[in-house]
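Presented below is the structure to which this report refers.
Please treat every number below as a calculation from the coordinates, not as lab data. From a predicted model like this one, the values you see are computed outputs, not experimental measurements. Every residue, glycine as well, gets a Cβ built from its backbone with ideal geometry; the counts of neighbours run over all protein chains shown.
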Ligand SMILES: Nc1nc2c(ncn2[C@@H]2O[C@H](COP(=O)(O)OP(=O)(O)OP(=O)(O)O)[C@@H](O)[C@H]2O)c(=O)[nH]1
Ligand SMILES: [Mg+2]
Ligand SMILES: [Zn+2]
C-alpha cells in the first residue's frame, strides 16, 4: 500500500542570481585593472559607431581604448572602427542583445593591454539589452533627433538603468520635430539622476564634453571602486535554507 | 525578454529544489511537482503571459531523475515596483514607471523591489511506501 504526501517548499531564489554575480565580479575585476567599461545602447542607427569614431578622433592616440561591438551579423562596424581601436566584432547570430559570456570571450581575443576604457557597442535595440548587465561601469543610452522625443516613456527600463543620455545628430534639429527638453523631461520622470550631453558626431560638436565626462567618471572609479561595484545590484544576502511544510494527502 | 530560456532555467531550479528536499528526507520515490509560484517584477523585463505559455509548453520536457513537472501548475504573482525616496525616505509603489516621490516630489530614488524574477515556492507530491 502506498500513501502520498504533499510538501510545500519555500525556495525563494532569484533566477538571475548567477548572472548578477558574474557581472559584478567582472565589473570589480575591470575596475581593479583600471579599465572603465562603457555599455553603449540605443535603437538601430542612433549613432553609436559614429560616436566612437568621433571619440577616437578627439583623443587620438592619447588614451588606451578597446571596442567590442555587437551585431546580429556582419563585421561592418568592426571594420569602421579598426583604424582607430583594437576591436572585436561580436556577432550574436540572431540574438537581439549581448551577454556577458560573449563580452568576456571577445575581450580575451583582444591584445592583452591594460586598457583605460573598454567600450561595448550593444546591438541596436532598446528592449532586451536593458535586462542584461554586461559588467559595465556606466550604461550610456543614445537617442538621435530623428527618432522622436517620446522614447523614454516607451522604453522605461532602458532609461531607468542608464546613467547618461546622449542626444545625437543635433545638426538635424532644424529639420525634425524634436525637443531635447521634452526628451530629457520624459527621461527624468523615470531616472531622476540621468545626465545629458548633446552631440553631433559628424562635426565633433559636444564630443569634448562627452570625452571629459568619460575621463571624470573613470577618475571617480579609480578613487572609489565600491561606488561602481554596487551598480547592477549585486546579490549579497546569503541563501536562506528552504522551509518545508508537509501534510498527508 | 527571453521567456523560453527563463523557463528552462526555472524548470532546472524547480527540479533542483525538489531533489534537494527529498534527498534531505531520504526519499527515493517519484516526485511529482504539483504547483509552482513565481514572482515577476514589473521592471524585470519579463512578460508573465509569455512565461505562462512557455511553461505550459515546456513543462515535463526536463523530466528525469525522478522528478516530473508535466502536471505542474504555474502561478505568476506580479511584483509591483517599490522605491525608496533618497530625499525623504518615503517608500512608495511606482505606477506607470513614474519614479516620483508622492510626498516630496523628488525624482531621486532607489528601487527596492520589482526588478527580479523569483522562484518562490513549489508543492511536490511524494509516494511514501508504508
Ligand atoms: N546627420 C547626422 N548623421 C549622423 C550623425 N551621427 C551618425 N550619423 C549617421 O547615422 C547613421 C547611423 O550611424 P551609426 O553610427 O552607424 O549608428 P549605430 O547606432 O552604430 O547603428 P547600428 O550599430 O546599426 O545600431 C549613419 O549613416 C551615420 O553617418 C550625426 O551626428 N549627424
Ligand atoms: Mg553601430
Ligand atoms: Zn520624498
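With all pairs of separate Cα atoms included, chain B yields a Kirkwood hydrodynamic radius of 16.5 Å.
Extending 7 Å from Cα along the Cβ direction at residue A:80 and again at residue B:105 yields two label points whose distance is 4.3 nm. Spatial offset of the stretch A:88-144 relative to the stretch A:13-29 amounts to 16 Å, using the alpha carbon center of each. If you fit an axis through the alpha-carbon atoms of helix B:3-24 and take the longest principal axis of the Cα set of chain B, what angle between them do you get, 0 to 90°, nearest 10? Tilt relative to chain B: about 60 degrees. Taking every DSSP beta bridge that has both ends in the stretch B:33-106, the antiparallel portion is near 40%.
Peptides A:132-138, B:87-93, B:38-44, A:194-200 ranked from most to least packed give A:132-138, B:38-44, A:194-200, B:87-93, packing being the mean of other C-beta atoms within 10 angstrom over each peptide's residues. Using the alpha-carbon positions of the stretch A:34-231, Rg (one decimal) and Dmax (whole number) come out as 15.7, 46 Å. Per residue of peptide B:90-101, the mean number of Cβ atoms on other chains within 10 Å of the residue Cβ is 3.
The shape of the stretch A:11-83 comes out oblate: with a ≥ b ≥ c from the C-alpha gyration tensor, a/c is at least 1.5 while a/b does not beat b/c.
Distance between the modelled labels on residue A:32 and residue B:112, one decimal in nanometres: 3.4 nm (7 Å Cα→Cβ projection). Measuring nothing but how far apart in sequence close Cα pairs (under 8 Å, 6+ apart) lie, relative to its length, chain A scores a relative contact order of 29 percent.
For the protein assembly as shown, the equivalent ellipsoid built from the Cα gyration tensor has semi-axes of 43, 23, 19 Å, listed from largest to smallest. Per-residue shielding of B:112-120, expressed as the average number of other chain Cβ atoms within 10 Å of the residue Cβ, stands at 4.
Can you give the average number of partner chain beta-carbon atoms within 10 Å of each beta-carbon in peptide B:33-46, as a whole number?
3
Compute the FRET efficiency between residue B:127 and residue B:77 as 1/(1 + (r/R0)^6), taking r as their Cβ-Cβ distance and R0 = 25 Å, and round to the nearest 0.05. Once rounded, the FRET efficiency stands at 0.25. Springs join every pair of Cα atoms under 10 Å in this Gaussian network model of chain A, and among A:217, A:191, A:112 the largest mean-square fluctuation is at A:112. Applying the Kirkwood pairwise sum to the alpha-carbon positions of the stretch A:1-136 produces a hydrodynamic radius of 16.4 angstrom. The long axis of helix A:180-190 is offset from the longest Cα principal axis of chain A by roughly 20 degrees. Against chain A, whose longest principal axis is taken from its Cα atoms, helix A:48-59 shows a tilt of about 60°.
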